[in-house]
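Below is one structure, written out as structure tokens, with a few remarks after it.
No lab work stands behind these numbers, since they all come straight from the coordinates. Just so we're clear, the structure is a prediction, and the values are computed from it rather than from any experiment. FYI the Cβ positions are ideal-geometry reconstructions off the backbone, even for glycines, and counts take in every protein chain you see.
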Amino acid sequence: MWIGYAVYGLAFGWWGLIAIAPQAIIIASIFGVTGIPPTEHQAIRSKGDAYREYQKRVSKFVPRPPKSGRTGA
């Protein structure tokens, strides 16, 4: 939904670009501060090498097909 606000802001021309700033801040905080890093560090502490292997196969945030050359077990 919050990405929708940025898209809606683009309807207002150049002034609408200011609507992208808050969404950029939210994404930066998810990727760099509050979301993914602490979660992955905890998973590595609790699951160890099994989670490291999982990280090699799966993207962090956006679902994508498995990376080429890697097979899932």
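Data table
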read-out: For region 38-51, Karplus couplings with θ = phi - 60° (6.51, -1.76, 1.60), whole Hz, Gly/Pro x; value: x, 5, 5, 4, 5, 5, 5, 4, 8, 10, x, 5, 4, 6
read-out: Table column - 3J(HN,Hα) (Hz), region 7-16, Karplus curve with 6.51, -1.76, 1.60, x for Gly and Pro; value: 5, 4, x, 5, 5, 9, x, 4, 5, x
read-out: Length-normalised contact order of the chain in % [C-alpha pairs under 8 Å, at least 6 apart]; value: 15 percent
read-out: Förster radius 35 Å - calculated FRET efficiency between residue 64 and residue 14 (Cβ-Cβ, nearest 0.05); value: 0.60
read-out: Estimated dipole of the chain in Debye, rounded to 20 [Cβ of Lys and Arg +1, of Asp and Glu -1, Cα centre]; value: 360 debye
read-out: Selection of chymotrypsin sites (Phe, Trp or Tyr not before Pro), the chain, meeting DSSP coil and at most 13 other Cβ within 10 Å; value: 61
